[in-house]
1. Scanning the stretch 328-360 for residues that are buried (at least 16 other Cβ atoms within 10 Å of the Cβ) and small (Gly, Ala, Ser), which turns out modelled with the highest pLDDT?
2. Looking only at the stretch 75-94, filter to residues that are in contact with a helix residue (DSSP H, G or I) (Cβ under 9 Å, 6 or more places away or on another chain) and at pLDDT 75 or above; which one of those is nearest to Ile406 (Cα to Cα)?
3. Quick one: which residue in Thr223, Thr203 is closer than 20 Å to Ile106 by Cβ and touching a Gly at 6+ places or on another chain (Cβ under 8 Å)?
4. What's the number of the condition Ile108 fails, among (1) in a loop (DSSP other than H, G, I, E, B); (2) touching a Cys at 6+ places or on another chain (Cβ under 8 Å)?
5. Can you tell me which residue is nearest to Asn102 (Cα to Cα) among those in the stretch 197-219 that are loosely packed, with under 15 Cβ neighbours inside 10 Å and among the hydrophobic types (A, V, I, L, M, F, W, C)?
6. For the subset of the stretch 269-309 comprising residues that are among the hydroxyl-bearing types (Ser, Thr, Tyr) and surrounded by fewer than 17 Cβ atoms within 10 Å (Cβ to Cβ), which member is farthest from the chain's Cα centre (by Cα)?
7. What number of residues within the stretch 271-327 satisfy the criterion of being outside any helix (DSSP H, G or I) and either over 13 Å from Lys339 (Cβ atoms) or at pLDDT 90 or above (or both)?
8. Looking at this structure, is Asn211 of a type in the set (S, T, N, Q) and part of a loop (DSSP other than H, G, I, E, B)?
Amino acid sequence: MLINLKTKNSYYLYHTDKKMLFSSDITIYTIIEYLKNGKLSIENIAPIDIIQLVTICNISNTGLMKAIDRIKYLDHFDDDKKNISVKEVIITEETILRSVANVKQIIIEITEKCNLACYYCCFGELYDNEVIRNNNLNIEKCKNSLRQLVQLQKSEFNLSTKKDIAITFYGGEPLLNINGIKQIVSFMRQFVSESFNIQYYMTTNGTLLRNIAFFVENNFRITISLDGDINQNSYRSYNNGKSSFEQIYQNVLSIKNTYPTYFIENISFISVLHNKNDFFHLYKFFDLIGKIPLISSISIEGVKKSKTNEFKDIYRPLKISDDEILNIKSYFPAIYREKFQTDDHNNELLFSLNHKLGIWNWDLNKQGSTCFLFQNRIFLTVSGLIYPCEKIDRKFPFGTFNNDKIEYFIGEINRYYKDFSIKGKTICSDCFNKNNCSECYFMTHDLDCVKCKVDEKSFCKKASESIESKEKSILEY
């Protein structure tokens, strides 16, 4: 689908399916607007419309037909990479096993316990799923399931030549069950070979990250959750309300000083954007320790209606202003080059659009961003249930490892994807952004209509502003 974008000096066409930006002119702009207002298609434009457009555009018939041909060409540009439409499929046990056999990441919820009470935690007071979570993983059942998963990984169902796997420990706070982590790492050593390697990961709040010799020895890649300095990190407090920043920062500096190479290569950070921080000041803080954080947003799913106003007070979308980008470019040129600059001008414009509009995870191969089965990961929970992702609603289990053999809920899985297919064909079929959508069905399942992050009108307005700022910076350069 092509949509019009207009700046003070220029016209553009944006292809929503291909994520491409094309130069345009006033004639093409006028034709697109005419078709949109009349709900017409460029493929079957009527003679009466041709006559009207010749008058509206003040152009010859030949000139108009050239413009129409240009639109048709751009509309079908690169159609050999046509998007795959949502289709209803029948999922069998073999389909599931083949998917699991090729999964590249196993996430293990090693414990539900946590020593922090982060204000915006998805299990906290702002959300409907506020619960007391105080259990550890059954290690023996987990070992049994891991043995079965490794057998599949080494089977003919795995299509990779090198059968490596990543295992990520997740919580709660994983270090509250450090013994469980050590048991699993010890258990998995028997499966490691030249053709089967395991890379370990862990996400932690950093408060208990003191003696890390075990993690260094096993080459763990560790992500520490930290929202910036003591003020920016104030939503991440202990259960008694005490700040967690001092302990985390002390641990971070200790790792940096004791294991400098490990710190550079294996330690990363993730920050949550909210009303007490912003992109520039997060980059400024982490620049002090030579790191660039991954920045995420607070979950918008499952917020209690009674807490809507409190949520709105702290929530900030993943959008960055032109002023912030210019400040980052001035003060942190290395960060600017890594995060905001590309070599290709067209891609740079699109990258800018993504940052300004808060659109992420675009994928041309599916409608929405709902993964198919275990195409990216498999998540083993303390409750013994299996999910395709740690982020989705726990109402959608895909199986269980509570018994001797992993059991997959084949009937339920088929129902999930059938429902998704129906919604894709009805609610989303006419959406201008359907092929760029970042919504996951398992996170918007209870909506009669998916609440898209952007509508066409606001998209065009903000995209045009973004392009205009790029034009200005190019002229100034």
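1. Among them, the one singled out is Ser352.
2. From the stretch 75-94, those in contact with a helix residue (DSSP H, G or I) (Cβ under 9 Å, 6 or more places away or on another chain) are 75, 85-93; that's our starting set.
Those left that are additionally at pLDDT 75 or above: 75, 90-93.
Working: Asp75: 47, Ile90: 20, Ile91: 17, Thr92: 15, Glu93: 11 Å.
Of everything passing the filter in the stretch 75-94, Glu93 is nearest to Ile406 (Cα to Cα).
3. Values: Thr223 fails: touching a Gly at 6+ places or on another chain (Cβ under 8 Å).
Just one listed residue meets the conditions, Thr203.
4. (1)
5. Step by step, filter the stretch 197-219, then rank; the result is Phe214.
6. From the stretch 269-309, those among the hydroxyl-bearing types (Ser, Thr, Tyr) are 271, 283, 296-297, 299, 306, 308; that's our starting set.
Checking which are surrounded by fewer than 17 Cβ atoms within 10 Å (Cβ to Cβ) leaves us with 296-297, 306, 308.
Numbers: Ser296: 9, Ser297: 10, Ser306: 27, Thr308: 23 Å.
For the stretch 269-309, the residue satisfying everything is Ser306.
7. Taking the stretch 271-327 and keeping what is outside any helix (DSSP H, G or I), we get 271-278, 288-304, 315-321.
Now restrict to residues that are either over 13 Å from Lys339 (Cβ atoms) or at pLDDT 90 or above (or both): 271-278, 288-304, 315-317, 319, 321.
Going through the stretch 271-327 one residue at a time, the tally reaches 30.
8. On the way: of a type in the set (S, T, N, Q): yes; part of a loop (DSSP other than H, G, I, E, B): yes.
When the stated conditions are applied, Asn211 passes them.
The values are calculated or read from the model by the stated rules, or taken from the named source; none is laboratory data. Small disclaimer: the values here were computed from a predicted structure and weren't measured. Neighbour counts run over all protein chains shown; Cβ positions are idealised from the backbone, glycine included.
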